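The values are calculated or read from the model by the stated rules, or taken from the named source; none is laboratory data. All values reported here derive from a predicted model rather than from experimental measurement. Ideal geometry is used to build each Cβ from the backbone, glycine not excepted, and the neighbour counts take in all protein chains shown.
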């Protein structure tokens with residue numbers, strides 16, 4: 001009964017770790033108790049470049065130095081080849097190699113023995129020739145070696161471990177996609193809000209968050225996007241509801257008045273023609289994207305980037321940086337201590353280098369390039 005209770009506790013922690021990587025230490029701590037071991041580890045090992053790309057441990061402090069030491073001697077690990085060759089089969093080290101051969105290896109003498117590691121029990125959780133995802137238990141010389149009893153317990157856990165590894169990998173990929181998408185949105189010089197049909201906010205990029213926190217044109221009330229003025233809120237939420245229903249495939253443009261400064265300019269667009277966001281916890285709902293432009297926000301195109309992207313001189317790039325930010329040629333020349341004639345010559349040179357015919361063409365080329373992305 002105790003073993004069963006311990007097994008259930010470990011499985012609870014294991015599936016929590018599949019959803020949240022920060023729960024792995026707690027899951028491994030349960031494994032240490034379950035197998036009466038000194039340490040538990042889970043990780044991924046590349047056999048091509050002989051590197052540990054991922055490892056989490058409980059009960060044994062894996063420092064970067066110890067990882068490098070193991071990687072340097074990985075090719076001399078007498079346990080590795082049989083372990084990789086039999087995926088999903090639990091093995092303890094003495095099934096694979098004799099005491100004499102194990103103790104004679106440099107890996108044992110230089111890495112494992114100094115750290116008090118004598119016995120291992122593990123399983124390869126993927127069927128590949130070039131890498132292995134492993135779950136492993138470690139014991140010191142003061143404990144008995146692992147045997148068939150421990151192998152049988154681990155054999156019962158293998159289907160769960162395989163499932164958790166797949167879930168963990170998939171959730172990690174989803175998390176990476178989300179982080180990359182959020183980073184890209186945060187670099188846009190526009191506010192971007194993703195909302196549901198009732199204007200409830202799903203996500204905001206950096207500029208949209210800043211505007212909302214400042215209450216500059218719009219804000220967040222009860223989790224929903226609202227304008228400064230009630231009539232504007234009604235128009236905004238009506239546009240969102242229309243886009244969510246798919247009543248129109250065309251984006252809707254509107255403005256939101258502000259107490260100070262020019263109005264914000266918005267574009268309300270259906271996110272997809274298909275219904276998205278459906279799950280057990282959330283009803284199906286169309287999502288809507290709201291793009292928010294602040295006409296008073298300065299466009300920041302750094303001169304060094306302009307110089308490299310368009311093949312400009314340093315002086316030309318500094319002048320173009322000010323022009324993109326909204327300065328007139330005369331004002332920009334004054335800020336750079338240039339004569340108006342020198343600034344005109346720089347501008348003509350930039351026309352030639354960028355294939356532009358007028359100043360508006362030049363500015364358009366810059367604004368259609370990636371240099372205006374937020375840093």
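Out of (1) touching a helix residue (DSSP H, G or I) at 6+ places or on another chain (Cβ under 8 Å); (2) closer than 19 Å to residue 252 by Cα, what's the single condition that is false for residue 194?
The one condition residue 194 does not meet is (1).
Just checking, does segment 313-323 include any residue being over 30 Å from residue 258 (Cα atoms) and not in a helix (DSSP H, G or I)?
Yes, that holds for at least one residue.
Which one of 367, 338 is in contact (Cβ under 8 Å) with a residue 60 or more places away in the chain, out of contact with any helix residue (DSSP H, G or I) (no Cβ under 6 Å at 6 or more places or on another chain) and not assigned by TED's automatic domain parsing to the domain that holds residue 194?
367
Could you check residue 78 against (1) part of a loop (DSSP other than H, G, I, E, B); (2) surrounded by 14 or more Cβ atoms within 10 Å (Cβ to Cβ); (3) touching a strand residue (DSSP E or B) at 6+ places or on another chain (Cβ under 8 Å); (4) at pLDDT 90 or above and say which number it fails?
Among (1) part of a loop (DSSP other than H, G, I, E, B); (2) surrounded by 14 or more Cβ atoms within 10 Å (Cβ to Cβ); (3) touching a strand residue (DSSP E or B) at 6+ places or on another chain (Cβ under 8 Å); (4) at pLDDT 90 or above, residue 78 violates only (3).
Name the residues in segment 81-114 that are surrounded by fewer than 17 Cβ atoms within 10 Å (Cβ to Cβ) and either touching a helix residue (DSSP H, G or I) at 6+ places or on another chain (Cβ under 7 Å) or in a strand (DSSP E or B) (or both), would you?
82, 88, 106, 110 - these are the residues of segment 81-114 that are surrounded by fewer than 17 Cβ atoms within 10 Å (Cβ to Cβ) and either touching a helix residue (DSSP H, G or I) at 6+ places or on another chain (Cβ under 7 Å) or in a strand (DSSP E or B) (or both).
What tally of residues in segment 319-342 results from selecting those that are crowded, with 20+ Cβ neighbours inside 10 Å and farther than 23 Å from residue 294 by Cβ?
Qualifying residue count for the region: 2.
Is at least one residue of segment 172-192 within 15 Å of residue 269 (Cα to Cα) and assigned to a strand (DSSP E or B)?
yes
Taking segment 329-339 only, how many residues are within 19 Å of residue 363 (Cα to Cα) and either part of a helix (DSSP H, G or I) or over 45 Å from the mean Cα position of the chain (by Cα) (or both)?
Count: 6.
Using the structure shown, decide if residue 193 is at pLDDT 85 or above and at negative phi.
Criteria met by residue 193.
If you go through segment 138-167, how many residues are in a loop (DSSP other than H, G, I, E, B) and in contact with a strand residue (DSSP E or B) (Cβ under 6 Å, 6 or more places away or on another chain)?
Of the residues in that region, 2 qualify.
Determine, yes or no, whether residue 343 is at pLDDT below 90, over 26 Å from residue 184 (Cα atoms) and not assigned by TED's automatic domain parsing to the domain that holds residue 227.
No, not satisfied.
Which of the residues belonging to segment 33-59 are over 24 Å from the mean Cα position of the chain (by Cα) and either part of a loop (DSSP other than H, G, I, E, B) or free of Cβ contacts under 8 Å to residues at least 24 places away in the same chain (or both)?
36, 37, 38, 47, 48, 49, 50, 59
Pick out the one residue from 238, 212 that is in a helix (DSSP H, G or I) and buried (at least 19 other Cβ atoms within 10 Å of the Cβ).
When all the criteria are applied, what remains is 212.
Restricted to segment 215-228, and to residues that are surrounded by fewer than 16 Cβ atoms within 10 Å (Cβ to Cβ) and part of a loop (DSSP other than H, G, I, E, B), which residue is modelled with the lowest pLDDT?
Checked segment 215-228; the qualifying residue modelled with the lowest pLDDT is 215.
Being free of Cβ contacts under 8 Å to residues at least 60 places away in the same chain, closer than 22 Å to residue 176 by Cβ and outside any loop (DSSP other than H, G, I, E, B) is the filter here, so list the residues in segment 14-32 that pass it.
16, 22, 23, 24, 25, 27
What are the residues in segment 186-203 that are closer than 25 Å to residue 325 by Cβ and touching a strand residue (DSSP E or B) at 6+ places or on another chain (Cβ under 7 Å), if any?
Listed by number, the residues that qualify are 190, 191, 192.
Which residues, taken from segment 183-209, are surrounded by 14 or more Cβ atoms within 10 Å (Cβ to Cβ) and without any contact (Cβ under 8 Å) to a residue 60 or more places away in the chain?
185, 199, 200, 201, 203, 204, 205, 209
Applying the selection to segment 241-264, what residues are part of a loop (DSSP other than H, G, I, E, B) and under 33 Å from the mean Cα position of the chain (by Cα)?
246, 249, 250, 251
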